[in-house]
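Read the figures in this text as sums done on the coordinates, not as results from a lab. Note that the coordinates shown come from a computational prediction; the quantities given were computed from them, not determined experimentally. We place every Cβ from the backbone using ideal geometry, glycine too, and count neighbours over all the protein chains shown.
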Amino acid sequence: MKTVTSTFLMAAALTFGLSARADEAAKPAAAAAKVPAATTKPTVTAQSPATAATAPAIPEKAKIDWDKMSKAERKKYMKATVLPAAKKMFAAYDAKKYSKVTCATCHGPGATDGSFKMPNPELPKLPKSPEGFKELAEKKPEMMKFMGQTVKPTVAALLGQEPWEPQNPKGFGCIGCHESMK
């Protein structure tokens, strides 16, 4: 459990651009003072200023109880609220790559078989170690920033949840959609 916690603390540190070392990021009190509140920040992407200016703002936290919603209610809500927001968010990040965002973009085969299982094993797997997250952030800095500062807080808000942060390890975060590497 300590490794998983350290991994996600490091992910947050990398995602939010903190300069703390992994061992410092594992100290919640220190990390809490350094991590900005994602829902109070404007949407930030690593794209050009023109693209960043058109990125949708992080919405207010939805007044829903996802856990108490039926499967039919969830499906209706996802189609009416989450999917349109996802289309805008991903198009603002990379309109060419994300020209067609559908339920399958996030849910993969679960969108076809009706299970909508998450996390989706078809999405990129996330590393388990701080070193792995550091390497990923170096290879794909724009995507890491987009996912951490736009996707995570937006989806969390739309699902009526707080985003994952070191001081809120039960919040919605990366592992809500992605699996960890084996």
Out of region 93-143, which trypsin sites (Lys or Arg not before Pro) are coil in DSSP terms and have no more than 14 other C-beta atoms within 10 Å? Lys96, Lys97, Lys100, Lys117, Lys125
Setting aside same-chain residues fewer than 8 positions from Lys79, which lysines have a Cα under 16 Å from its Cα? Lys71, Lys87, Lys88, Lys100, Lys117
Restricting things to alpha carbons, tell me how big region 68-149 is in terms of Rg and Dmax, in Å. 14.7, 41
Run the reach check for Lys96 against aspartates and glutamates, Cα to Cα strictly under 19 Å, same-chain hits fewer than 8 apart removed. What comes back? Glu142
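Could the peptides 101-112, 57-68 be put in order, highest first, of the mean number of other beta-carbon atoms found within 10 Å of their residues? The partial results should precede the final answer.
Values: 101-112: 16.3, 57-68: 12.4.
The peptides rank, most packed first, as 101-112, 57-68.
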